Amino acid sequence: MVASDNEEMDFAEPQVKGKRKKKDNKAESAKKHLKEKDAEMEKLQPTSNGDNNTESCFPPTFSVSDIKNKQRRHFMFMKLKQQKKKEKSDLKKKRKREREALGDKAPPKPIPKTIENQRVYDETVVDPEDEEVALDEGTDEFSSYFNRLTNPKILITTSDRPRGRTVRFCEQLATVIPDSHVYYRRGLALKKIIPQCVARDFTYLIVVNEDRKVPNGLVLCHLPNGPTAHFKVSNVRLRKEMKRRGKDPSEHLPEVILNNFTTRLGHSIGRMFASLFPHDPNFIGRQVATFHNQRDYIFFRFHRYIFKNEKRVGLQELGPRFTLKLRSLQKGTFDSKFGEYEWVHKRHEMDSCRRKFHL
Amino acid sequence: MAEKSRWCSVWIGSETGILKGVNVAKKQAFNFSDFSTLTREQEVSAMCWGDDLESEVLVGCVNGTVKTFSVEKGKFTEFRDCSGGEGPFRGLAVHNSSLITCVESGVLKVWKEGCPDTVEVNVGRDVYKMRQSTSEGHKVAIGGKENDLKIWDLQRPEEPVFKAKNVANDWLDLRVPVWIRDLQFLPESDKVVTCTAYHQVRLYDPSLPQRRPVLETSFEEYPLTALSLTSDANSVVVGNTQGQVAVIDLRQGRLLRCLKGFAGSVRALQCHRSLPLVASCGLDRFLRIHNLEDKHLLHKVYLKSRLNCLLLTSRENIQEQEEKVQESQEEVKDDDIWAAMPTVTDEVSTKGK
């Protein structure tokens, strides 16, 4: 019994060490606590063994889940949890006390680790002074918009026979994007719509797809020569469903904010959103459309702002709000069969690392 | 520039018109074009080696000019207007110092050195690829949309040597559409392997009386855009518009392995002549070099523009370390001395070309 206990302790040691490693970056005081914890673990283990009476076939590492008596297991687990919670709060209190004691000299608080600031290095992040990217962007399909040669004109349509929220979503999207026209699909093929759009000087075709009355996809096709982006749409919140919403948007041309489109792919997508809206917004309307990219999800919000005084700004959301996720970017106008894709999201290949972002 | 260009092992033509050289051993990439003069019309649509020694790169632009880039000097030495027909170049080749060009509308021309008149062959509309035979330089194969494989002997340009026949009707007794996207001759034989936009890979053998493919297989469900034979010519690497790349066995038509890591459409593939390496580039702006045996991605280089064409040297020291490269540099310096010596006869200088 004693021998086996010793053995168990030997094996239990690395487990604790592992924990120690995780807490390495924290203050040294944590170590003291761990030592105390070690002692407590010693106390814990013989009791659990005594309960089970299975010293020979018992796995070498101890865990609460090895206790077979349910009541006992529950009790031990609660105890362990309480103990951990207490340790944590003690540590927190102690640190706070230390900070207060040091006063102004206290070291700055460590920045919390998030998967965004731990992002894997991406070589495609665009340097604003890069000559080659400037050349590429200066001559691409959007260059006519950015050189102020064309004005956007948008056609919004849906998948065939839209129902429920999709219809209202399209209507509300049309109030956000100036010079946009909602058309009923009438069972037409997209490939037949596109030449007609080009003939009528439309610069964008937006198709909202739905699944069981809920919009779930968005095809954004730049005309006349593409590219075409395919997005997944989620979390659509229509105007009616929003709390503390402002009055309906006015006819003024909104301003556009594009956040965090840093990589080469992100740049292309950002340019695509930017060219949806006309140049020279009416600042008098105080309306802003925001495309905020975070972890490859693009959040759309539509706000009205007001400067209350020099420091304070009031915001009022006008709606709708939705989230987009890029599925593919295709060169040329919509052609799902023979189109060439510039970027396709491949889930199993690309999502293996949580800290890698594409936009 | 010359110092940089001499050690580039991969040459890439981009959609912006920039010619790029990549030194794989040192992991460096260089641009060999002047940004200020470039326009979309100078998009590179075809590339080939100027000679067997791989000392010149010929770059075909969309506006119909063929630029000659000297690897030794590291700059463009010659601009030649080879326009004729419509559309971009679909293939460039060099045979006995004459240049063979083919454009999309189906005009194939042979430009003889220093001779203004050209041989012109009409090969049919919507050509997607023209490629030269590796063993017999005067033979070219052509394929395109509704333009099935044809092999032309340029010494007798009146009639094609071989004209493929479309495969039999399908199970609904409907005609099978034709759209060849890329093709290549098998070395030391007349056989041609093609890949189509309807995701088939076909092998034709002109030496047989049968004009239909001797082998047909398909891969995935998106158009195949590029193909390249491996060094042993037993298998072929194909890539499609979604960035799926696979190695297909040409004896049984079986899928051998898939290569991973692509994000977008593959525009060009090339296998090394002797090593088990394959270089690929495409719309996702990356040059990737895979090992064909263990499928590992050896190199991945971001090149900032969409890439159209690719040329891989047949040198064997592509991946070798710095020191060895420097050694060979010294050797080349010796060579330079020899090259700098005044040539005695005219024969030598023509050979150099």
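The values are calculated or read from the model by the stated rules, or taken from the named source; none is laboratory data. No experiment lies behind these values; they were computed from the predicted model shown. Every residue, glycine among them, receives a Cβ derived from its backbone with ideal geometry; neighbour counts consider all protein chains shown. Surface accessibility is based on the protein's heavy atoms, side chains included, excluding ligands, DNA and RNA. Shrake-Rupley method; radii C 1.70, N 1.55, O 1.52, S 1.80 Å.
Pairs meeting the criteria (first residue in segment A:142-153 and assigned by TED's automatic domain parsing to the domain that holds A:Gly226 and under 16 Å from A:Thr333 (Cβ atoms), second residue among the basic types (Lys, Arg) and in a loop (DSSP other than H, G, I, E, B), beta carbons under 9 Å, at least 6 apart or on different chains) are A:Lys153/A:Arg200. Kindly indicate which of A:Phe300, A:Phe277 is part of a strand (DSSP E or B) and away from chain B (no Cβ under 14 Å). Only one candidate qualifies: A:Phe300. Looking across segment B:1-25 at every residue that is within 12 Å of chain A (Cβ to nearest Cβ) and at negative phi, the one that is surrounded by the most Cβ atoms within 10 Å (Cβ to Cβ) is identified as B:Thr16.
Where strands (runs of 3 or more DSSP E) fall wholly inside segment B:226-320, the ranges with 1 or more residues that are open to solvent by 10 Å² or more (accessible area, probe 1.4 Å) and within 13 Å of another protein chain (Cβ to nearest Cβ) are B:255-259, B:266-271, B:286-291, B:297-302, B:307-312. Any idea which of A:Glu349, A:Glu310 is surrounded by fewer than 17 Cβ atoms within 10 Å (Cβ to Cβ) and in a helix (DSSP H, G or I)? That would be A:Glu349, the only listed residue that is surrounded by fewer than 17 Cβ atoms within 10 Å (Cβ to Cβ) and in a helix (DSSP H, G or I). Residues of segment B:88-115 that are open to solvent by 30 Å² or more (accessible area, probe 1.4 Å) and small (Gly, Ala, Ser): B:Ser97, B:Ser105, B:Gly114. Residues of segment A:204-243 that are open to solvent by less than 20 Å² (accessible area, probe 1.4 Å), under 23 Å from A:Thr139 (Cβ atoms) and not aliphatic (A, V, I, L, M): A:Tyr204, A:Cys221, A:His222, A:Gly226, A:Pro227, A:Thr228.
I'm told A:Asp127 meets every condition in (1) within 14 Å of chain B (Cβ to nearest Cβ); (2) outside any loop (DSSP other than H, G, I, E, B) except one. Can you identify the failing condition by its number? It is condition (2) that A:Asp127 fails. Given the residues A:Phe299, A:Phe283, which is the only one that is farther than 30 Å from B:Phe286 by Cα and touching a residue at least 24 places away in the same chain (Cβ under 8 Å)? Only one candidate passes the filter, namely A:Phe283. Filtering segment B:26-73 to residues that are of a type in the set (Asp, Glu) and surrounded by fewer than 21 Cβ atoms within 10 Å (Cβ to Cβ) leaves B:Asp34, B:Glu41, B:Asp51, B:Asp52, B:Glu54, B:Glu56, B:Glu72.
Within the set B:Thr134, B:Thr118, the sole residue that is β-branched (Val, Ile, Thr), more than 22 Å from B:Asp52 (Cα to Cα) and modelled with pLDDT under 90 turns out to be B:Thr118. For A:Arg286, the requirement of being under 24 Å from A:Thr203 (Cα atoms) and either more than 14 Å from chain B (Cβ to nearest Cβ) or of a type in the set (D, E, K, R) (or both) is not met. Among residues of segment A:130-176 being open to solvent by less than 20 Å² (accessible area, probe 1.4 Å) and among the aliphatic types (A, V, I, L, M), the one that is farthest from the other protein chains (Cβ to nearest Cβ) is A:Val176. How many residues does segment A:334-357 contain that are touching a strand residue (DSSP E or B) at 6+ places or on another chain (Cβ under 9 Å), facing chain B (nearest Cβ under 8 Å) and of a type outside the set (A, V, I, L, M)? Within segment A:334-357, residues that are touching a strand residue (DSSP E or B) at 6+ places or on another chain (Cβ under 9 Å), facing chain B (nearest Cβ under 8 Å) and of a type outside the set (A, V, I, L, M) number 6.
Candidates are the residues of segment B:209-225 that are within 14 Å of chain A (Cβ to nearest Cβ) and over 20 Å from the mean Cα position of the chain (by Cα); the one that is surrounded by the most Cβ atoms within 10 Å (Cβ to Cβ) is B:Tyr222.
For segment B:48-67, a residue qualifies if it is over 15 Å from B:Lys112 (Cα atoms), part of a strand (DSSP E or B) and of a type in the set (Val, Ile, Thr), and the qualifying residues are B:Val57, B:Val59, B:Thr65.
A:Thr228 falls short on exactly one of the conditions (1) free of Cβ contacts under 8 Å to residues at least 24 places away in the same chain; (2) among the polar types (S, T, N, Q); (3) within 14 Å of chain B (Cβ to nearest Cβ), and that condition is (1). A single entry from A:Lys356, A:Lys331 fulfils the requirement of being in contact (Cβ under 8 Å) with a residue 60 or more places away in the chain and either among the acidic types (Asp, Glu) or over 30 Å from B:Trp179 (Cα atoms) (or both): A:Lys356.
Is it the case that some residue within segment B:82-99 is within 19 Å of the chain's Cα centre (by Cα), on the phi > 0 side of the Ramachandran plot and of a type in the set (D, E, K, R)? No, segment B:82-99 contains no residue that is within 19 Å of the chain's Cα centre (by Cα), on the phi > 0 side of the Ramachandran plot and of a type in the set (D, E, K, R).
Among the residues of segment B:138-158, is there at least one that is touching a residue at least 40 places away in the same chain (Cβ under 8 Å), assigned to a loop (DSSP other than H, G, I, E, B) and open to solvent by less than 20 Å² (accessible area, probe 1.4 Å)? No, segment B:138-158 contains no residue that is touching a residue at least 40 places away in the same chain (Cβ under 8 Å), assigned to a loop (DSSP other than H, G, I, E, B) and open to solvent by less than 20 Å² (accessible area, probe 1.4 Å). All conditions in (1) facing chain B (nearest Cβ under 9 Å); (2) surrounded by fewer than 10 Cβ atoms within 10 Å (Cβ to Cβ) hold for A:Lys113, with the sole exception of (1). If we scan segment A:322-329, do we find a residue that is open to solvent by 20 Å² or more (accessible area, probe 1.4 Å), outside any loop (DSSP other than H, G, I, E, B) and away from chain B (no Cβ under 14 Å)? Yes: segment A:322-329 contains one or more residues that are open to solvent by 20 Å² or more (accessible area, probe 1.4 Å), outside any loop (DSSP other than H, G, I, E, B) and away from chain B (no Cβ under 14 Å). Within segment B:122-137, the set of residues being open to solvent by less than 10 Å² (accessible area, probe 1.4 Å) and over 18 Å from the mean Cα position of the chain (by Cα) comprises B:Val123 only. Taking the criterion of being assigned to a loop (DSSP other than H, G, I, E, B), facing another protein chain (nearest Cβ under 9 Å) and closer than 11 Å to B:Asn63 by Cβ, the only residue of segment B:31-47 that qualifies is B:Thr39.
Among the residues of segment A:177-203, just one is closer than 27 Å to A:Ile257 by Cβ and exposed (fewer than 14 other Cβ atoms within 10 Å of the Cβ), namely A:His181.
State whether one or more residues within segment A:256-263 are assigned by TED's automatic domain parsing to the domain that holds A:Glu141, of a type in the set (A, V, I, L, M, F, W, C) and out of contact with any helix residue (DSSP H, G or I) (no Cβ under 7 Å at 6 or more places or on another chain). Scanning segment A:256-263, I find at least one residue that is assigned by TED's automatic domain parsing to the domain that holds A:Glu141, of a type in the set (A, V, I, L, M, F, W, C) and out of contact with any helix residue (DSSP H, G or I) (no Cβ under 7 Å at 6 or more places or on another chain), so the answer is yes. Scanning segment A:70-100 for residues that are over 27 Å from A:Pro110 (Cβ atoms) and either touching a residue at least 60 places away in the same chain (Cβ under 8 Å) or surrounded by 12 or more Cβ atoms within 10 Å (Cβ to Cβ) (or both) yields A:Arg72, A:Arg73, A:His74, A:Phe75, A:Met76, A:Phe77, A:Lys79, A:Leu80. Within segment A:306-333, the only residue that satisfies the criterion of being aromatic (Phe, Trp, Tyr) and modelled with pLDDT of 95 or more is A:Phe322.
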